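Coordinate-derived values only; no laboratory data. Owing to the predicted nature of the structure, the values given are computational and were not obtained by experimental measurement. With ideal geometry, Cβ positions are generated from the backbone for all residues, glycine too; neighbour counts draw on all protein chains shown.
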């Protein structure tokens, strides 16, 4: 694919901005204008770019799909099987457009009175003082053309603000539903967890039917001192779709971020998760499971950036790859000179279920402090023969033993999801996709 | 316990086996009758754990000679899972951890698989829960272990109790306990041994594979066999284990060599 065509692709994408309305807020318009400029200054990455070495996204260039601007008339009956049980506060976006008829606030008025769970455009004037220092400040777009595109199209999104010392009891469900073929959506999330607050958020990307479409998602999560955020991300897009996403997380002192990301869908997907521990004693757990088959490609790039001392990071990433699918994991850990006493572990474990399945895993440690504990390990392979023998010695057939161990490999990550209904659904998916007979 | 006229359960004749092309078992002869408890003792590398794994059917161990009959039938014609269903049970020296699978699911799956094979009724989750809790009392195990992943994060002693719990559920005819005493403190040893003793009947048999005599204070063997270099070089009663404890393994091998005129 020539550069001319690739830049033509970006230009034709940007034409979709004509329907965007100017914002009354000068800084908001300036942010978008900066992003447009950065789109113009960059190219679509190729495999010659180190960050995209294993992921050829050139097929995307042929798909300059425009965003949807019209509200969906989707009815609850068509999508409620995606809802959490028991019901939780929920923001629903259909093809990127906020769907108030499907969304619900279900907060406890006694304890959660000042919690904001709403769509961004509705809240932007009311919360402008809170938003300005955060929106677009974490998701870096100067060197990321997809984040630049998402920011250039920024007009709505999911907004959660958890005030100081408030713990939201119920999980918050952010549900992004793709219904239209040949459309690009630009989901955007901003979560501001103020000092001492706690919240669990499920970012859930689903499709109503199979089809070729593009999702370009960006999430920003800011944790103030002692805040706790549990972020569960499920990508179950159509197996023909393209899903490009970035999530930028900033952790202040003694805050704690827990991430579980499950990648099941899309023909080609890329997830960049950047976690910056900017305050002393911050802590993060970053877990992932990729479960793909056929000709899927799923690329996860994480960067855990220890800026200050006494940070703790725990990472466990697993891939189960079947068919002729290709999984990529790049796990960068940076420990800055100031970040003494950092305690970091990373494990990348990968299971190949077919001779044609392919995995590229790359731990990348950049350590500039001397008094740190950093452990990492990566394995790629088939099931362990000792484990199979153990189960067979208990009367299970070899097939049953293999099925159980493959299921367990994935279930270990799913188990960490605290919402029972979602956990069971995902366990069922793992079961269906890993069992042979 | 030795019973008059009890039938042979396991008959091993001239058993030879290799691992990675190296011969480890060099001709083993052993007869185990129902009701009996046999202890196989020996130093590290004598082949006793290999013997246990060969009986259970581990694929890494290649049988190169001899015969093994289990209830009169050729054991080597059975795949590992068929041996388990026929009543052979191996308690592992190092039980495998399976994070992601709850212990109760695993136990019920193995129990029902073996029950179905034996033409007996399977249990649904609620029935099984009552049943397994009763068995756990035998090993003084907390019901908490049912909800945890199989062996994951269990201490050494907890893993061994979980092994004997599986023995209690599967009710094997022949239980081979490979170094079940290793890594156990004295309290755990007493509990595990007590569990095993309660499972011993006149219809089943137990082979204890152990390095130390300590376990045999709690599970009293009818026969003690000493293995060295892939052979059983001496067989005696429970007194033999005490003599080994006092004199060490060298004493048997010196005695053997003297008898052979070497």
To make sure I understand, if each residue's beta carbon is the centre and we count other beta carbons within 10 Å, what order do A:130, A:307, B:101 fall in, fewest to most? A:130, A:307, B:101
Rounded to two decimals, what is the ratio between the C-alpha radius of gyration of segment A:383-437 and 2.2 N^0.38 Å? 1.22
Label-to-label distance, nm, for residues given as residue A:345 and residue B:73 (7 Å Cα→Cβ offset): 4.5 nm
Below 8 Å, C-alpha to C-alpha, sequence gap of six or more: please give me the relative contact order for segment A:187-293 in percent. 26 percent
Would you calculate the convex hull of the Cα atoms in chain B and tell me its volume per residue in Å³? 132 Å³
Counting only other chains, and only Cβ atoms inside 10 Å, what mean value do you get across the residues of B:164-170? 1
If you rank A:62, A:308, A:181 by fewest surrounding Cβ atoms within 10 Å, what's the result? A:62, A:181, A:308
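Taking each pair of different alpha-carbon atoms in segment B:111-262 once, compute 1/r for the pair, average those values, and report the inverse of that mean as the Kirkwood hydrodynamic radius in Å to one decimal.
When all Cα pairs of segment B:111-262 are included, the Kirkwood radius is 17.5 Å.
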From Cα coordinates alone, what are the radius of gyration and Dmax values for segment B:187-235 in angstrom? 12.2, 33
Using Cα pairs closer than 8 Å and at least 6 residues apart in sequence, work out the relative contact order for chain B, in percent. 27 percent
Mean Cβ neighbour count within 10 Å, used as a protection proxy, ranking A:17-30, B:220-233, A:77-90 highest first: B:220-233, A:77-90, A:17-30
Rounded to two decimals, what is the ratio between the C-alpha radius of gyration of segment B:1-147 and 2.2 N^0.38 Å? 1.21
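Give me D for segment A:332-395 in µm² s⁻¹, whole number, from Stokes-Einstein with Rh from the Kirkwood sum over alpha-carbon pairs, 4 °C and 1.567 mPa s. Provide the component values of the computation, followed by the final result.
Working: Rh = 14.6 Å.
In µm²/s, the coefficient is 89.
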Under 19 Å from the residue A:332 label point (7 Å along Cα→beta-carbon), backbone N, segment A:145-185: A:145-149
As a percent rounded to 5, the proportion of antiparallel DSSP bridges among beta bridges in segment A:66-382 is 5 percent
At a temperature of 4 °C and a viscosity of 1.567 mPa s, determine how fast segment B:1-81 diffuses translationally according to Stokes-Einstein, using the Kirkwood radius over alpha-carbon pairs as Rh; express D in µm²/s, rounded to the nearest whole number. 97 µm²/s
Full extension between residue A:71 and residue A:373 adds, at 0.36 nm per residue less the Cα distance, a length in nm of 103.6 nm
Return an integer: the convex hull volume of the alpha-carbon atoms of segment A:220-320, in Å³ per residue. 67 Å³
Based on DSSP H runs of at least 4 residues, each adding -39500 (n - 2.57), what is the mean residue ellipticity at 222 nm of the protein assembly as shown after dividing by all its residues, to the nearest 500 deg cm²/dmol? -8000 deg cm²/dmol
So, relative contact order of chain A in percent, Cα under 8 Å, 6 or more apart, is 9 percent
Residues of B:97-110, mean number of Cβ from any other protein chain within 10 Å of their own Cβ, rounded to a whole number? 5
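What number, in nm² with one decimal, is the all-direction average of the projected area of the convex hull of the alpha-carbon atoms of chain A? Don't skip to the answer; put the middle values down first.
Working: hull surface 85.4 nm².
Seen from a random direction, the Cα hull of chain A projects 21.3 nm² on average.
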Counting every C-alpha pair in segment A:121-243, the percent lying more than 25 Å apart is 27 percent
Pairwise FRET efficiency - residue A:51 versus residue A:423, Cβ, R0 = 41 Å, nearest 0.05: 0.80
Within segment B:206-220, list the residues whose amide N lies under 14 Å from a label point set 7 Å along Cα→Cβ of residue B:238. B:213-220
Separation between the residue A:324 and residue A:182 pseudo-spin-labels, each 7 Å from Cα along Cα→Cβ, expressed in nm? 2.7 nm
On C-alpha positions alone, give me the angle between the axis of helix B:186-199 and the longest principal axis of chain B, in degrees, nearest 10. 80 degrees
When the chain is fully extended, how far beyond the present Cα-Cα distance does residue A:165 get from residue A:126, taking 0.36 nm per residue of separation? 11.9 nm
If you line up the long axis of helix B:156-170 against the longest principal axis of chain B, both from Cα atoms, how many degrees apart are they, to the nearest 10? 80 degrees
When you count, for each residue, the other Cβ atoms within 10 Å and take the mean per peptide, how do A:184-193, B:136-145 rank with the highest first? A:184-193, B:136-145
Amide N proximity, segment B:161-178 versus residue B:144 label position 7 Å along Cα-to-Cβ, cut-off under 19 Å: B:161-163, B:165
I'd like the projected area of segment B:127-180, averaged over all directions, using the convex hull of its alpha carbons. Report it in nm² with one decimal. 4.0 nm²
If R0 = 60 Å, then residue B:126 and residue B:247, at their Cβ-Cβ distance, give a FRET efficiency to the nearest 0.05 of 0.65
Please label the shape of segment A:38-148 as rounded, prolate or oblate, based on the square roots a ≥ b ≥ c of the eigenvalues of the alpha-carbon gyration tensor (a/c under 1.5 means rounded; beyond that, a/b larger than b/c means prolate, else oblate). prolate
Between residue B:22 and residue A:212, the FRET efficiency computed from the C-beta separation at R0 = 60 Å comes out, to the nearest 0.05, as 0.55
Radius of gyration, Dmax [segment A:177-251; alpha carbons; angstrom]: 14.4, 43
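Rounded to a whole number of µm²/s, how large is the Stokes-Einstein D of segment A:302-361 at 37 °C and 0.692 mPa s, given Rh as the Kirkwood radius over C-alpha pairs?
Numbers: Rh = 12.9 Å.
D = 254 µm²/s.
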Work out the mean other chain Cβ neighbour count within 10 Å for the residues of A:410-418 and drop it here as an integer. 2
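Given the peptides B:43-50, B:84-91, A:40-47, A:336-343, arrange them by the average over their residues of other C-beta atoms within 10 Å, most packed first.
Put in order of decreasing packing, that is B:84-91, B:43-50, A:336-343, A:40-47.
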Ratio to report: Rg/Rh of segment A:293-437, with Cα atoms as the point set and Rh obtained by the Kirkwood method; give two decimals. 1.05
Pairwise Cα inverse-distance average, inverted: Kirkwood Rh of segment A:25-100 (Å): 16.7 Å
